[in-house]
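The values are calculated or read from the model by the stated rules, or taken from the named source; none is laboratory data. Keep in mind it's a predicted model, so treat the numbers as computed, not measured. Here the Cβ is made from the backbone with ideal geometry for all residues, glycine too, and neighbour counts use every protein chain on show. Keep in mind that these areas ignore ligands, DNA and RNA; they rest on the heavy atoms of the full protein, side chains included. Shrake-Rupley method; radii C 1.70, N 1.55, O 1.52, S 1.80 Å.
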Amino acid sequence: MARLARVSPITVSRAIRNPQMVSEELRLRIDRAVKKLGYVPDVAASRLASARSHAIGVIVPTLYNVIFSEYLQALHEVFLPMGFQIVVVNSRYSQEEEERAVRTLLGQRVEAMIIVGVNHTETTRQMLLRSRIPVIETFQIAEDPIGINIGLDQVRAGHDATRALLKAGFRRVGFIFGIRDERAAERHTGYEHAMADAGHTTAGLVKFLTQPSSVALGARIMGQFADGPFPEAVFCIDDNLALGAMQECRRFGLRIPDDIAILGFHDLEFAAFASPSLSSIATHRYETGKLAAEQTLRLLNGTSVKERKVMNLGYKLVSRQSTPPISLDASQ
């Protein structure tokens with residue numbers, strides 16, 4: 001292949017493992033030779049020779065929810081040009097599955113681990129602490145991070161979202177969710193605290209079905225309010241449920257936001273184009289993935305991989321037509 005591309009074998013090896021280290025002209029010549037010869041790199045031999053895998057382990061709780069697509073996109077966009085591949089594993093919202101995933105990825109000699117979430121089994125935590133590779137925990141804030149922690153305060157986000165509805169004059173504020181993963185649980189805690197602080201009960205106002213989030217699920221959960229008491233506003237665990245909740249409210253003959261207000265979470269792309277447009281708590285999913293990748297590369301190029309740091313990216317409220325004008329107490 002080196003002869004066909006008119007370069008040295010070392011240049012071919014460098015272009016395949018670290019494409020950013022060679023010129024675009026050389027990359028194109030080598031790519032053409034690779035395609036013509038149908039060359040497949042011997043990854044195992046390369047790892048043995050270099051003591052590096054050029055692989056990054058990434059663990060997400062689900063591949064079903066679009067919430068993680070921007071996050072994974074950012075990871076790919078940063079790592080691929082630098083010669084790294086990401087190995088994505090689905091933990092299925094299970095700490096035991098996550099533990100098995102960590103064991104498997106470490107066995108494959110990944111050079112870093114990026115994980116959605118901060119709560120792990122003790123075995124998982126000890127494996128990661130002893131791994132001597134960069135560990136990045138994302139989407140939540142940890143009291144005792146393993147390494148770099150990038151995310152948002154989910155409890156405060158739930159509290160602030162609920163508080164924004166209460167400030168608008170609503171008293172019966174409902175809360176709906178599907179699978180109660182750790183981030184949903186923290187937002188629920190924030191909701192309960194905000195309602196208690198305002199002196200309001202949540203009895204009969206919290207509805208759920210333990211299924212993956214979807215628009216259809218949002219409609220089904222909203223339908224549970226038909227037996228009363230019916231809320232004046234509803235804070236939904238994500239925008240998928242919120243869109244379904246709005247559709248179900250229309251079926252009940254309710255006007256949004258005159259009869260009932262709906263607030264989502266994450267501010268997915270469709271929120272601005274729904275009818276009515278959906279108010280939502282915007283989170284920085286792409287930025288979280290980009291920063292996680294950048295911090296990983298920084299640690300891999302540095303002298304220490306055991307740095308501990310918390311990076312709170314916060315959130316913001318985007319007020320649209322599904323609620324009256326609402327705002328947070330303080331900008332996030």
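Which one is farthest from Arg92 (Cα to Cα) among residues in the stretch 193-213 that are touching a helix residue (DSSP H, G or I) at 6+ places or on another chain (Cβ under 6 Å) and at pLDDT 95 or above?
My answer is Ala198.
Does Thr201 count as free of Cβ contacts under 8 Å to residues at least 60 places away in the same chain, over 19 Å from Phe270 (Cα atoms) and assigned to a loop (DSSP other than H, G, I, E, B)?
Yes.
Does Asp239 qualify as being open to solvent by less than 20 Å² (accessible area, probe 1.4 Å) and of a type in the set (D, E, K, R)?
yes
Being open to solvent by less than 20 Å² (accessible area, probe 1.4 Å) and either without any contact (Cβ under 8 Å) to a residue 40 or more places away in the chain or outside any loop (DSSP other than H, G, I, E, B) (or both) is the filter here, so list the residues in the stretch 220-236 that pass it.
Residues satisfying the conditions are Ile221, Met222, Phe225, Ala233, Val234, Phe235, Cys236.
Pairs please, first residue from the stretch 260-285 and without any contact (Cβ under 8 Å) to a residue 40 or more places away in the chain and outside any helix (DSSP H, G or I), second anywhere and open to solvent by 20 Å² or more (accessible area, probe 1.4 Å) and charged (D, E, K, R), Cβ atoms under 7 Å, 6+ apart in sequence or on different chains.
Here the result reads Ile260/Glu232; Ala282/Asp267; Ala282/Lys316, each pair linking the stretch 260-285 to a residue that is open to solvent by 20 Å² or more (accessible area, probe 1.4 Å) and charged (D, E, K, R).
Taking the stretch 153-182 on its own, how many of its residues are in contact with a helix residue (DSSP H, G or I) (Cβ under 9 Å, 6 or more places away or on another chain), surrounded by fewer than 22 Cβ atoms within 10 Å (Cβ to Cβ) and among the aliphatic types (A, V, I, L, M)?
Of the residues in the stretch 153-182, 2 are in contact with a helix residue (DSSP H, G or I) (Cβ under 9 Å, 6 or more places away or on another chain), surrounded by fewer than 22 Cβ atoms within 10 Å (Cβ to Cβ) and among the aliphatic types (A, V, I, L, M).
State all residues of the stretch 127-168 that are among the small types (Gly, Ala, Ser) and assigned to a loop (DSSP other than H, G, I, E, B); if no residue qualifies, say none.
Within the stretch 127-168, Ser131, Ala142, Gly147, Ala168 qualify.
Restricting to the stretch 113-134, give me the number of residues that are touching a residue at least 40 places away in the same chain (Cβ under 8 Å), within 16 Å of Lys306 (Cα to Cα) and open to solvent by less than 10 Å² (accessible area, probe 1.4 Å).
So the answer is 4.
Would the stretch 196-211 turn up any residue that is touching an Asp or Glu at 6+ places or on another chain (Cβ under 8 Å) and of a type outside the set (D, E, K, R)?
yes
Filter the stretch 292-316 for residues that are part of a helix (DSSP H, G or I) and open to solvent by 30 Å² or more (accessible area, probe 1.4 Å) and give the result.
Residues satisfying the conditions are Glu294, Arg298, Leu300.
Against the conditions (1) under 23 Å from the mean Cα position of the chain (by Cα); (2) on the phi < 0 side of the Ramachandran plot, where does Gly314 fall short? Just the number, please.
Result: Gly314 fails condition (2) only.
Determine which member of the set Val110, Val78 is crowded, with 22+ Cβ neighbours inside 10 Å and more than 21 Å from Asp181 (Cα to Cα).
Val110
Ala185 - would you say it is part of a loop (DSSP other than H, G, I, E, B), surrounded by fewer than 24 Cβ atoms within 10 Å (Cβ to Cβ) and among the aliphatic types (A, V, I, L, M)?
It is false that Ala185 is part of a loop (DSSP other than H, G, I, E, B), surrounded by fewer than 24 Cβ atoms within 10 Å (Cβ to Cβ) and among the aliphatic types (A, V, I, L, M).
Go through the stretch 135-146 and count every residue that is open to solvent by less than 10 Å² (accessible area, probe 1.4 Å) and either of a type in the set (Asp, Glu) or out of contact with any helix residue (DSSP H, G or I) (no Cβ under 8 Å at 6 or more places or on another chain) (or both).
Total satisfying the criteria: 1.
When only residues in the stretch 81-107 that are part of a loop (DSSP other than H, G, I, E, B) and within 16 Å of the chain's Cα centre (by Cα) count, which is surrounded by the most Cβ atoms within 10 Å (Cβ to Cβ)?
Once the filter is applied, the top-ranked residue is Ser91.
Does Glu269 meet the test of being open to solvent by 60 Å² or more (accessible area, probe 1.4 Å) and within 25 Å of the chain's Cα centre (by Cα)?
When the stated conditions are applied, Glu269 passes them.
Report yes if Gly289 is at pLDDT 95 or above, under 23 Å from Ala185 (Cβ atoms), outside any strand (DSSP E or B) and not hydroxyl-bearing (Ser, Thr, Tyr), otherwise no.
yes
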